[in-house]
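Report on one structure; see the data block that follows.
A short reminder: the numbers here are calculations on the coordinates, not readings from a lab. Predicted model, so just to flag it, every value in this text is computed and none were measured. Don't worry about glycine lacking a Cβ; one is built from the backbone with ideal geometry, like all the others, and counts go over all protein chains shown.
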Amino acid sequence: MSCQCRSAVAASLSMPVKIGPFTLNSRVYVPPMAGVTDVVFRDIVRRIDPDCMMSTEMVSSRALLAKPESRIMDLLPNEHPIGIQIFGHEPDVMAFAAQLAEKRGADFVDINMGCPVPKITKGKDGCALMREPELAREIISTVKSAVKIPVTVKFRLGWDDSNRNAVEFGEMVEESGASMVTVHGRTRAQLYSGTADWSAIAKVKAALSIPVFGNGDVFSPENALKLLEITGCDGVAVARGSLGNPWLIPRITKYLDTGILDEAPDDIEKLICAYLHSVGLVKYKGLRVGINESRRHTINYTKGISGAAPFRNRLTQALDLSAAADILAELALIVGGKEGVMRFLLCVEHNNFENGKHPGEGYGYREGGIQAPVDVRAVLPVAVP
């Protein structure tokens, strides 16, 4: 099946994909995920797949009126291609937000018209705009006129099964000046339940001339290839599949480019990355916020590891990096024996040596802006010197 799929999409994969003035070097896009795609997560992904396209977390256009310096729009140096996603329903306010994104260095501005979460849609934002296509048209055209960078849009199949309007909506989006769309293969009513309808994404792709990235239920390189085969899309957007699994991005890239399927990381690599991710969050956001946010990521990294459930419960109670490191080391001993725990502890010591700190000691917010926070070299098989 894999060879047949690759043969079927080989011609399209050989064609360059352009979004406005720039040409992509990858068919893999990591779209916005609230609470996930901050600079720490993106830095991890960039170090193992530098060419993939990424976006920040979504940021409220109205909130930017009060706080235009929002850290959600923080970008790392030389972080390209990168988009900043905005959401809202007021055309002029959205245009203001897009201009801020352009000034912050974004390569493109992405408009969220697909978020299904009730607290977003009840305010006429996100996927609610699929019920008001003329307002959506005005937003896109106003934003397009306000910036020089490309404008992209993410949306779903429709509000519910009785109101599937993705093809018509996509045609309107293209007519309004968007340079690319990302289509999630579910309706708003489905949230993330059921199965993504890739055949419905294919209909959107067939109707548009701008690049279309398909999204939904991509949890393996094989999934990505199958989505491209069914939809004919120009690329694949990988969201939930990358939670606790950033290696999925380069594995998909390599599989699409070469047909070679790299092995998934072993359990010790996952634990190492969980720790490094936590370190990055604490460095960037401070101890209290960083530790709180690291818990969800650590839970994701440890999913699928045999015997990890009681450790996940303990990790949610960890108050600093030292406590988290101790718990992860115990789990490393169980899943990898002495060799496994030594690999993990060498990574911890290497990180401490580079930072001149002990875990949990002095990791408050640093003045002087963003620095690359995570040494993902230690995640790779031959990482720790």
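Quick notes on this structure:
- A dipole drawn for the chain from +1 and -1 charges on Cβ atoms has a positive end, and of Leu271, Gly123, Val109 the residue lying farthest that way is Gly123.
- Extension gain (nm, one decimal) between Lys119 and Leu65, 0.36 nm per residue minus Cα-Cα: 17.5 nm
- Couplings for the stretch 215-228, taken from phi via the Karplus curve 6.51 cos²θ - 1.76 cosθ + 1.60 with θ = phi - 60°, read 9, x, 6, 9, 10, 7, x, 5, 4, 4, 5, 5, 4, 5 Hz in order; Gly and Pro are left as x.
- Length gained on full extension, Ala34 to His80: 14.6 nm, using 0.36 nm per residue less the C-alpha separation.
- Neighbour count of at most 15 Cβ within 10 Å plus DSSP loop: longest GluC sites (Glu not before Pro)-free window in the chain: 70-262
- Euclidean distance of C-alpha centroids, the stretch 247-268 and the stretch 174-231, integer Å: 21
- Helix axis angle, 91-103 relative to the chain longest principal axis, alpha carbon, degrees: 50
- GNM top mover of Phe169, Phe22, Phe96 - the chain, alpha-carbon springs below 10 Å: Phe22
- Between Glu339 and Ala323, the simple label model (points 7 Å from Cα in the Cβ direction) yields a spacing of 3.4 nm.
- Comparing Gly105, Gly337, Gly83 in a Gaussian network model of the chain (Cα springs below 10 Å), the most mobile by mean-square fluctuation is Gly337.
- Looking at the chain alone, DSSP beta bridges between its own residues are antiparallel in about 10 percent of cases.
- Relative to the current alpha-carbon distance between Ala206 and Asn163, full extension at 0.36 nm per residue lengthens the span by 13.5 nm.
- Ordered by the count of other Cβ atoms within 10 Å of each Cβ, fewest first, Tyr284, Tyr29, Tyr255 give Tyr255, Tyr284, Tyr29.
- Whole-Å semi-axes of the chain's equivalent ellipsoid (Cα gyration tensor): 35, 24, 18
- Taking amide H atoms as placed 1.01 Å from N in the peptide plane, the amide H of Ser55 lies under 5 Å from those of Val30, Gly83, each 5 or more residues away in sequence or on another chain.
- The chain, helix-only ellipticity at 222 nm - DSSP H runs n ≥ 4, -39,500 (n - 2.57), divided by all residues, nearest 500: -14500 deg cm²/dmol
- Estimated dipole of the chain in Debye, rounded to 20 [Cβ of Lys and Arg +1, of Asp and Glu -1, Cα centre]: 460
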